[in-house]
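Engineer: Take this structure first; my questions come after.
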Amino acid sequence: MKESQHRATFGGRISAVLVAAGGAVGLGNIWRFPYVAGDNGGGAFLLIYILCILFLGLPLMIAEFSIGKATHRNAVGAFHLLDRRWSGIGYMGVLSSVLILGFYLVVAGWTAEYMIHSFTSDLVRQTSAEVHRHTFEAFITHPWKPVFYATLFAAATHLIVTLGVKEGIERAAKVMMPLLFLFLIVLSVHSMLLPGGIEGLRFFLTPDFSKVTASSVLTALGQSFFSLSIGLGTMITYASYFTPETSIRHTALHVTLLDTLVALLAGLMIFPAVFSAGIEPAAGPSLVFITLPTIFGSMPLGELWSTIFFLLLVIAALTSTISLHETVTAYLQEEWALSRFAAARCTTLFTALLGALASLSLGVLQEWRIGGLTLFDALDFVTANILLPLGGLLICVFVGWRWKRDEIASQLYAPTGGAHRRPGFSIFRFLVRYFCPVVMLLLFLDNLGWKLF
Ligand code: TRP
């Protein structure tokens, strides 16, 4: 295993925020968040989501950053160094990264195909929602096209990861994140100015608590973990590349803010457009692939808006596939003593294969069910509803109970110290020791069928 001082680091504070925000911001914000919010009552969901981010997501991100920065190791190696008995968290994280990549590459592939089709403009020319639904279904069930695009995405991810932590991952984030924000702002302003768009804003921002159930709270929790990329060691891995000067608290706060801002902007971009076209907001996962192209089709310059929108999704997806890939690659490289190339190659081959199977499970392999779900849905369900909340719970318990108070304090307040006098530290300790584990455990049990609420 390489010594920590020979490990790569990110350039500095701003790079750390950009790279970690790149890992956090993804399809989860722009594709998943709007439809999950739409299915769960809009504004009320948004409110619960923000509470989850603040009281569960942020402390957990700080916890993951502390583990990574303290050890300078991958998700498994970090626990080997701190306490081997807890290594299971790391293994579960690496496994979850593989499983998430399995379905994520598929959706990422769809965005790439849609971007190319918007550009060549045959997509947007179709006008009715029915035709768009048909096009989308024909594409995702096609025997090889979606597999081809998912593989293309895996190859792009591979290329950037093999270029290295600094030359590949950091450089890519520095180019892509500013572009992502620019496109998102342009698109959301454009969308809010559409006639009738205000209705969409109202739906997105006005809470209706009659639609809220315990399961929507768990959905909000799962969504917040998924969106922040926490619960499986991605942030442990990224924080292992922080320089000593990088502040864990500030980075976590900035990344959380940026990630939530992107989800909000995605809502501000999508709901006004949906309402302006008079379409039902609870359209499920197909919201951005069927509903939005229909809307673009009826707009002046529809091809342009559509191309920018799908390019935005491609960028968001790519920075996230990179973070998931790196979680696995860093593990293989350091724990199996492989070269970076060999480690990345293993990760790419395996996840591209899983991606291909997940993609085919929507088409030719549709008969093939796991607990009634297609492989694609099973991967999404198991990771977002079980593995992420469970991983998050264990990381909290580890940092709250196993790690000594002074050790965390020295991570959080390095190099000045003085944590004992700060109220923020007491709040953090309370959240990771009591609040987060209890809330997560209750919701988790409820989700497994123990009806508590
Ligand atoms: N957060 C990313 C998104 O919103 C997805 C993602 C990347 C992720 N790395 C992760 C989710 C690690 C959970 C854990 O699209």
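The values are calculated or read from the model by the stated rules, or taken from the named source; none is laboratory data. Model, not experiment: these values are computed from the prediction. Positions of Cβ are backbone-derived with ideal geometry, glycine not excepted, and every protein chain shown enters the neighbour counts.
Engineer: For segment 22-44, state whether one or more residues are touching a strand residue (DSSP E or B) at 6+ places or on another chain (Cβ under 9 Å) and either at positive phi or aromatic (Phe, Trp, Tyr) (or both).
Structural biologist: Within segment 22-44, one or more residues are touching a strand residue (DSSP E or B) at 6+ places or on another chain (Cβ under 9 Å) and either at positive phi or aromatic (Phe, Trp, Tyr) (or both).
Engineer: Of all residues in segment 1-31, which are modelled with pLDDT under 90 and either out of contact with any helix residue (DSSP H, G or I) (no Cβ under 9 Å at 6 or more places or on another chain) or within 16 Å of the ligand (Cβ to nearest atom) (or both)?
Structural biologist: Residues satisfying the conditions are Glu3, Gln5, His6, Gly12, Trp31.
Engineer: If I ask for residues that are buried (at least 24 other Cβ atoms within 10 Å of the Cβ) and over 30 Å from Val165 (Cα atoms), which ones from segment 297-339 would you list?
Structural biologist: Hit for segment 297-339 is Ser306, nothing else.
Engineer: Taking interchain pairs and intrachain pairs at least six residues apart, which have beta carbon atoms under 8 angstrom, with the first residue in segment 75-101 and surrounded by 24 or more Cβ atoms within 10 Å (Cβ to Cβ) and the second at pLDDT below 95 and aromatic (Phe, Trp, Tyr)?
Structural biologist: Note: no pairs meet the criteria.
Engineer: Residues to consider are Ser229, Ser247, Ser210, Ser216; find the one that is among the small types (Gly, Ala, Ser) and over 23 Å from the mean Cα position of the chain (by Cα).
Structural biologist: On inspection, the qualifying residue turns out to be Ser210.
Engineer: Something else: Which of the residues belonging to segment 142-163 are free of Cβ contacts under 8 Å to residues at least 12 places away in the same chain and loosely packed, with under 15 Cβ neighbours inside 10 Å?
Structural biologist: Selection gives Trp144, Leu159.
Engineer: Taking the condition of being farther than 21 Å from Thr347 by Cβ and not polar (S, T, N, Q), how many residues in segment 79-136 meet it?
Structural biologist: The qualifying residues number 24.
Engineer: Let me ask another. I need a count of the residues in segment 295-338 that are more than 12 Å from the ligand (Cβ to nearest atom), part of a helix (DSSP H, G or I) and closer than 30 Å to Pro272 by Cβ.
Structural biologist: 15
Engineer: Is at least one residue of segment 50-66 under 18 Å from Val165 (Cβ atoms) and either more than 12 Å from the ligand (Cβ to nearest atom) or modelled with pLDDT of 95 or more (or both)?
Structural biologist: Looking for residues that are under 18 Å from Val165 (Cβ atoms) and either more than 12 Å from the ligand (Cβ to nearest atom) or modelled with pLDDT of 95 or more (or both), one finds at least one in segment 50-66, hence yes.
Engineer: Listed residues Gly38, Gly43; which is out of contact with any helix residue (DSSP H, G or I) (no Cβ under 6 Å at 6 or more places or on another chain) and surrounded by fewer than 24 Cβ atoms within 10 Å (Cβ to Cβ)? Working first, answer last.
Structural biologist: Numbers: Gly43 fails: out of contact with any helix residue (DSSP H, G or I) (no Cβ under 6 Å at 6 or more places or on another chain).
Just one listed residue meets the conditions, Gly38.
Engineer: Still on this structure: Any idea which residue in segment 342-365 is nearest to the chain's Cα centre (by Cα), counting only those that are without any contact (Cβ under 8 Å) to a residue 40 or more places away in the chain and closer than 30 Å to Ser215 by Cβ?
Structural biologist: Filtering first and then ranking leaves Ser361.
Engineer: Restricting attention to segment 117-132, report how many residues are surrounded by fewer than 16 Cβ atoms within 10 Å (Cβ to Cβ) and either within 27 Å of the chain's Cα centre (by Cα) or part of a helix (DSSP H, G or I) (or both).
Structural biologist: Result for segment 117-132: 4.
Engineer: A follow-up question, please. Might you let me know whether segment 238-254 holds any residue that is within 16 Å of the ligand (Cβ to nearest atom) and surrounded by fewer than 24 Cβ atoms within 10 Å (Cβ to Cβ)?
Structural biologist: Checking segment 238-254: at least one residue is within 16 Å of the ligand (Cβ to nearest atom) and surrounded by fewer than 24 Cβ atoms within 10 Å (Cβ to Cβ).
Engineer: Would you mind stating whether Phe139 is more than 30 Å from Thr237 (Cα to Cα), in contact with an Asp or Glu (Cβ under 9 Å, 6 or more places away or on another chain), in contact (Cβ under 8 Å) with a residue 24 or more places away in the chain and surrounded by 14 or more Cβ atoms within 10 Å (Cβ to Cβ)?
Structural biologist: yes
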